[in-house]
Amino acid sequence: MDKLTWAVYQRPCRGEDISGDAFLVQQQKDKGIIALMDGLGHGEKAAQAAQQARKFLQTTAIKDGRAHIQHLHQLLRPTRGTVLGLVHIDFMLHQLCYWGIGNIRAQLRKRTTVNLISAPGVVGYNLNKIICQTSSFHLGDLLVMTTDGIQGNWDWYGLASKLERFTPANIATYLGQQYAIFDDDATVLVVQRVN
Ligand SMILES: [Mn+2]
């Protein structure tokens with residue numbers, strides 16, 4: 001069975017000790033789940049919302065992503081809320097589903113690049129459309145997810161001119177060091193399907 005290898009770059013907002021961003025990468029047999037959360041604002045209360053979301057996604061069995069998000073929305077109502085990028089991977093079907101709520105950026109690197117689209121909203125605060133975007137996800141394919149503490153003006157072409165190899169660690173470190181802003185929590189999560 002193929003598996004997921006991953007790397008993360010994470011740095012809290014200037015003046016904060018903890019990041020209000022949180023992430024999850026988990027695999028159960030032929031299913032994978034990847035999530036990136038950015039709790040509203042920064043500091044402890046942002047972290048609380050993001051971490052609560054992570055814990056929920058980690059401990060709830062992988063099933064319907066839409067139900068996952070709706071349940072999470074109710075759970076996070078007492079918190080500030082969090083934006084969320086959620087990915088379910090089906091290794092047997094070579095497919096992933098992406099649900100984006102709020103300003104998480106997600107990009108796939110396959111033979112061609114695919115931008116995954118997030119809808120407006122904040123989980124735990126205002127949830128509008130829950131739209132699933134599907135894509136194939138084969139051996140070697142890469143997924144990059146970033147919070148808005150990472151500037152979005154990078155592209156794979158530019159990256160290829162800077163990096164010898166596209167490994168999760170190379171990409172996460174490079175994007176973090178070059179594109180993180182100081183006034184927000186910054187996270188780059190890079191996941192690759194390997195065997
Ligand atoms: Mn942010």
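The values are calculated or read from the model by the stated rules, or taken from the named source; none is laboratory data. Everything numeric here is computed off the predicted structure, so don't read it as measured data. A quick note on method: Cβ atoms are made from the backbone with ideal geometry, for glycine too, and the neighbour counts reach across all protein chains shown.
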Output the number of the condition that MET92 fails; it satisfies all remaining conditions of (1) in a strand (DSSP E or B); (2) more than 15 Å from the ligand (Cβ to nearest atom).
(1)
Only unsatisfied item for PRO12, checking (1) closer than 19 Å to ILE69 by Cβ; (2) buried (at least 18 other Cβ atoms within 10 Å of the Cβ), is (1)
Restricting to the range 16-39, and then to whatever is within 14 Å of the ligand (Cβ to nearest atom) and either surrounded by fewer than 19 Cβ atoms within 10 Å (Cβ to Cβ) or under 12 Å from the mean Cα position of the chain (by Cα) (or both), can you tell me which residue is farthest from VAL123 (Cα to Cα)?
GLU16
Please pick out the residue among LEU139, LEU159 that is more than 16 Å from the ligand (Cβ to nearest atom) and touching a helix residue (DSSP H, G or I) at 6+ places or on another chain (Cβ under 8 Å).
LEU159
For LYS162, are the conditions met, namely being without any contact (Cβ under 8 Å) to a residue 40 or more places away in the chain, of a type outside the set (A, V, I, L, M, F, W, C) and under 30 Å from ARG14 (Cβ atoms)?
yes
Looking at (1) surrounded by fewer than 17 Cβ atoms within 10 Å (Cβ to Cβ); (2) at pLDDT 95 or above; (3) not basic (Lys, Arg), find the lone condition where TYR179 falls short.
(1)
For the range 15-28, which positions are out of contact with any strand residue (DSSP E or B) (no Cβ under 7 Å at 6 or more places or on another chain) and more than 20 Å from THR134 (Cβ to Cβ)?
GLY15, GLU16, ASP17, ILE18
Please enumerate the residues belonging to the range 30-57 that are over 18 Å from VAL188 (Cβ atoms) and touching a Phe, Trp or Tyr at 6+ places or on another chain (Cβ under 8 Å).
ASP30, LYS31, GLY32, LEU40
Just to be sure, is ILE101 within 16 Å of the ligand (Cβ to nearest atom) and of a type in the set (Val, Ile, Thr)?
yes
Scanning the range 40-89 for residues that are charged (D, E, K, R) and assigned to a loop (DSSP other than H, G, I, E, B), the one nearest to the ligand (Cβ to nearest atom) turns out to be ARG80
MET145 is checked against (1) within 16 Å of the ligand (Cβ to nearest atom); (2) hydrophobic (A, V, I, L, M, F, W, C); (3) out of contact with any helix residue (DSSP H, G or I) (no Cβ under 9 Å at 6 or more places or on another chain); (4) at pLDDT below 95 and fails just one. What number does that condition carry?
(4)
Of all residues in the range 104-113 being within 16 Å of the ligand (Cβ to nearest atom) and not in a loop (DSSP other than H, G, I, E, B), which is surrounded by the most Cβ atoms within 10 Å (Cβ to Cβ)?
ALA106
